[in-house]
Amino acid sequence: MDPETKEYTRVYVGSWRNDKKEGAGSYFYSASAFYEGQWSGDERSGWGRMQYENGELYEGEWLRDKHHGEGLILLANGNRFVGTWSDGKKNGHGQLFFLDRGQLYEGFWVDDVAKCGSISDFGRETAVRPTVYPIPKVCLQDSQAVLMEAQAYFTEDDEKSAEITESVHKQYSP
């Protein structure tokens with residue numbers, strides 16, 4: 001019973017074990033925030049879906065009340081992240097879709113920080129706020145020079161390596 005309104009409100013509907021939430025159940029944090037999914041020892045653990053107050057939605061794996069494993073979060077602005085989570089943070093491979101500007105970041109994350117990846121245009125034509133500048137196409141201009149320089153690093157003759165490297169740099173320096 002709600003002490004202020006004196007009405008019964010729904011807080012948790014689901015399975016219990018030893019006075020703790022266990023198994024499938026739904027917990028209502030507020031009128032707009034709720035979790036439905038698996039519980040273990042009174043904590044969200046297993047597969048579940050959480051609707052947050054700010055409009056974000058996470059669906060995926062949980063462990064000890066935190067995002068952990070594979071999951072998808074839909075952000076309030078429409079952007080979304082699909083990937084691996086650990087201890088409530090993005091960790092491992094993932095894709096961040098910037099649907100508002102029509103770009104996609106694919107890469108590797110450590111503790112919620114993108115460490116290594118690539119960004120590409122993805123539906124720019126239909127984006128709400130598309131990026132002003134397109135991402136330029138990257139290509140190798142002279143593959144032969146790159147191969148010659150790489151080969152120079154792996155030859156046993158230091159003099160020859162130095163000569164090849166120097167000639168490549170002279171040839172392609174401004």
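Data table
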| item | result |
| --- | --- |
| Residues satisfying the stated conditions in the stretch 57-77, i.e. open to solvent by less than 30 Å² (accessible area, probe 1.4 Å) and under 25 Å from Ile119 (Cα atoms) | Tyr58, Gly60, His67, Gly69, Gly71, Ile73 |
| Subset of the stretch 144-159 that is farther than 30 Å from His93 by Cα and open to solvent by less than 100 Å² (accessible area, probe 1.4 Å) - its residue that is modelled with the lowest pLDDT | Asp157 |
| Residues (in a loop (DSSP other than H, G, I, E, B), surrounded by 15 or more Cβ atoms within 10 Å (Cβ to Cβ) and at pLDDT 85 or above) located in the stretch 101-127 | Arg101, Gly102 |
| All positions within the stretch 1-27 that are open to solvent by less than 80 Å² (accessible area, probe 1.4 Å), hydrophobic (A, V, I, L, M, F, W, C) and under 18 Å from Arg64 (Cα atoms) | Ala24 |
| Residues being assigned to a loop (DSSP other than H, G, I, E, B) and either open to solvent by 30 Å² or more (accessible area, probe 1.4 Å) or of a type in the set (Val, Ile, Thr) (or both) - total across the stretch 29-56 | 11 |
| Contacts under 7 angstrom Cβ, first residue in the stretch 59-87 being closer than 30 Å to Val128 by Cβ and of a type in the set (D, E, K, R), partner assigned to a strand (DSSP E or B) and open to solvent by 60 Å² or more (accessible area, probe 1.4 Å), 6 or more apart | Glu59/Arg49; Glu70/Glu61 |
| Criterion: in contact with a strand residue (DSSP E or B) (Cβ under 6 Å, 6 or more places away or on another chain), at pLDDT below 95, farther than 29 Å from Gly123 by Cβ and among the hydroxyl-bearing types (Ser, Thr, Tyr) - qualifying residue of Tyr12, Tyr35, Tyr29 | Tyr12 |
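The values are calculated or read from the model by the stated rules, or taken from the named source; none is laboratory data. The structure presented is a predicted model; accordingly, all values stated were derived computationally and were not measured. We place every Cβ from the backbone using ideal geometry, glycine too, and count neighbours over all the protein chains shown. Heads up: the accessible areas ignore ligands, DNA and RNA and are worked out on the full protein's heavy atoms, side chains in. Shrake-Rupley method; radii C 1.70, N 1.55, O 1.52, S 1.80 Å.
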